[in-house]
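Reviewing the structure listed below.
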Amino acid sequence: MRIIHGAEEARRTVLRRQPMGETELPPAVRERIREVFGAELSAQEVVGRIVSDVRAEGDAAVRRYSRAFDGVEYASLEVPRAEVEAAHRQVDPPLVEALRFAADRIRAFHEAQRRRGPADFFEDGLGMQVRPLERVGVYVPGTVAVYPSSVLMTVIPARVAGVDQVYMASPASADGQVSPLKLVAASIAGVDRVFRASGAQAIAAFAYGTETVPRVDKVCGPGNIFVTLAKRLVYGDVGIDSLYGPTETVVVADETADPASCAADLLAQAEHDELATPLLLTPSEALARAVAGEVERQLEGLERAEIARSALEARGGIVVTAGLEEALALANEFGPEHLCLLVRDAASWAPRVRHAGGLFLGETSPEAVGDYTAGPSHVMPAGGSARFSSALSVFDFLKFTSVVDIDAATLGRLGPPAAAIARAEGLTAHARAIERRLERD
């Protein structure tokens, strides 16, 4: 891994964020776009065409783009219930039990979150009603690397919130089948219907509905740049949870950190995809060099070593800072999806963290456990959005309605100043709607 010295050089290089939509697409993806559309298009232009076509043509466009980009011809978009049930016989029982264990942990955490969260209240004629959404669409990416954990981490918070209907869309493999692992996870988590659809076309199908796919109130879940741009494009016609982007981890470590653990945490994120961002910030030159060596050693034998190496070379790096305070300040500026504190007395540093999707304290709290069985959802803000948004939670599936039920005496007190403000704004009808009621008394 490259080693960078100083905050300014870090800001100029590895900590410099690229605007969403300007990510350089891999050559193979650019070539596929030329084949499908007959032109050189940006990721945003591709998404715009796909969303427009799905909105106009429904199922036909979803099938066409799935065939074009995935090389898969779907007999039907919906996965039949029998296929979901059969998936349980295709997955090793110990793995099914591991998914159930993870689901129980995730459910328990979000049930506690719901109990401590907002609730209906009414006081002095004013209040709030808290209601779950009716329909949610969850997108779960991956065919080569499948993510049953993402099914659990997205669907279970929705179920705990009380959402009426939860649907899932997932790309299928070359044989047209959604991974049995995903289908088992969908069954455990409580998904109502599963659809075969990938990328931007899946997001558009949920946003606008097709002959097969119901329109939903909110679209959730992570995905690649095309999924992220599609969510941004349809927002307003449908709700979205957040814009996630490629995964990223910042490890802040001091001289007490274990180099092997630091390297392992960086590689755990680097193996996701070539656009992942694995970064180490440390005031220790010795640790920086030791971690760089450990990364090289641990790369050997990884199943996804080539992907991890590409991510490390393109977006990874080690920054040697002037001190631990500077390292944490840089981490806050960057606002990473995952922030791991491998420092002496990590809990004492936690209050200084302002911007992170998830915070992992100390040697025994690896981010990888957070991906599976800790409990909080691993669907977290990336791309710098941790500066203003949060990890997926029960609250993403609740909405709040203000309630006004005041009596005549209260109206007599609130009405005159309200009418005065309305007239100052030139909204005479507003003022008269209040004044007519005051005149009755």
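The values are calculated or read from the model by the stated rules, or taken from the named source; none is laboratory data. Note that the structure is predicted; figures quoted are calculated from it, not measured. When we count neighbours, we look across all protein chains shown, and the Cβ atoms used for this are built from the backbone with ideal geometry, even at glycine.
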Some residue of the range 52-64 being modelled with pLDDT of 95 or more, over 24 Å from residue 214 (Cβ atoms), among the basic types (Lys, Arg) and not assigned by TED's automatic domain parsing to the domain that holds residue 277: no
Hits in the range 180-206 (condition: among the small types (Gly, Ala, Ser) and surrounded by 24 or more Cβ atoms within 10 Å (Cβ to Cβ)): 185, 186, 189, 197, 198, 199, 200, 202, 204, 205
Test: residue in the range 279-296 that is over 20 Å from residue 10 (Cβ atoms), surrounded by fewer than 21 Cβ atoms within 10 Å (Cβ to Cβ) and out of contact with any helix residue (DSSP H, G or I) (no Cβ under 7 Å at 6 or more places or on another chain): yes
Hey, residue 291 assigned to a helix (DSSP H, G or I) and touching a Cys at 6+ places or on another chain (Cβ under 7 Å) or not: yes
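For (1) closer than 21 Å to residue 166 by Cβ; (2) surrounded by fewer than 21 Cβ atoms within 10 Å (Cβ to Cβ), each residue gets a yes or a no:
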{"site": "105", "(1), (2)": "yes, yes"}
{"site": "113", "(1), (2)": "yes, yes"}
{"site": "129", "(1), (2)": "no, yes"}
{"site": "145", "(1), (2)": "no, yes"}
{"site": "153", "(1), (2)": "yes, no"}
Residues of the range 424-441 that turn out to be surrounded by 15 or more Cβ atoms within 10 Å (Cβ to Cβ), out of contact with any Lys or Arg (no Cβ under 6 Å at 6 or more places or on another chain) and over 14 Å from residue 408 (Cα atoms), as a count: 1
Checklist (1) touching a Gly at 6+ places or on another chain (Cβ under 8 Å); (2) farther than 29 Å from residue 26 by Cα applied to residue 193, failing item: (1)
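A quick yes/no check of all residues on (1) over 21 Å from residue 376 (Cβ atoms); (2) of a type in the set (D, E, K, R); (3) in contact with a Pro (Cβ under 6 Å, 6 or more places away or on another chain):
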{"site": "260", "(1), (2), (3)": "yes, no, no"}
{"site": "281", "(1), (2), (3)": "yes, no, no"}
{"site": "293", "(1), (2), (3)": "yes, no, no"}
{"site": "296", "(1), (2), (3)": "yes, yes, no"}
{"site": "307", "(1), (2), (3)": "yes, no, no"}
{"site": "316", "(1), (2), (3)": "yes, no, yes"}
{"site": "324", "(1), (2), (3)": "yes, no, yes"}
{"site": "329", "(1), (2), (3)": "yes, no, no"}
Where residue 218 falls short, out of the listed (1) of a type outside the set (A, V, I, L, M, F, W, C); (2) within 30 Å of residue 350 (Cβ to Cβ); (3) surrounded by fewer than 24 Cβ atoms within 10 Å (Cβ to Cβ); (4) in contact with a Leu (Cβ under 6 Å, 6 or more places away or on another chain): (2)
The range 97-137 - residue that is outside any helix (DSSP H, G or I) and among the small types (Gly, Ala, Ser) and, of those, nearest to residue 158 (Cα to Cα): 137
Residues within the range 335-353 that are of a type in the set (Lys, Arg) and either part of a loop (DSSP other than H, G, I, E, B) or loosely packed, with under 13 Cβ neighbours inside 10 Å (or both), tallied: 1
Some residue of the range 76-93 being hydroxyl-bearing (Ser, Thr, Tyr) and in contact with an Asp or Glu (Cβ under 9 Å, 6 or more places away or on another chain): no
Unique match (being free of Cβ contacts under 8 Å to residues at least 12 places away in the same chain, assigned to a loop (DSSP other than H, G, I, E, B), more than 16 Å from the chain's Cα centre (by Cα) and farther than 17 Å from residue 250 by Cβ) among 373, 364: 364
Selection status of residue 22, at pLDDT 90 or above and surrounded by fewer than 14 Cβ atoms within 10 Å (Cβ to Cβ): no
Any pair with Cβ under 9 angstrom, 6 or more apart, that starts in the range 59-77 at a residue that is free of Cβ contacts under 8 Å to residues at least 24 places away in the same chain and ends at one that is hydroxyl-bearing (Ser, Thr, Tyr): 60/210; 63/74; 67/74
One residue from 12, 89, 49, 64 being surrounded by fewer than 12 Cβ atoms within 10 Å (Cβ to Cβ) and closer than 30 Å to residue 191 by Cα: 89
Residue tally, condition closer than 18 Å to residue 222 by Cβ and either β-branched (Val, Ile, Thr) or part of a strand (DSSP E or B) (or both), over the range 157-176: 5
Qualifying positions in the range 297-313 - loosely packed, with under 14 Cβ neighbours inside 10 Å and either among the hydroxyl-bearing types (Ser, Thr, Tyr) or out of contact with any helix residue (DSSP H, G or I) (no Cβ under 9 Å at 6 or more places or on another chain) (or both): 300, 301, 303, 306, 313
Residue 242 at pLDDT 95 or above and of a type in the set (S, T, N, Q): no
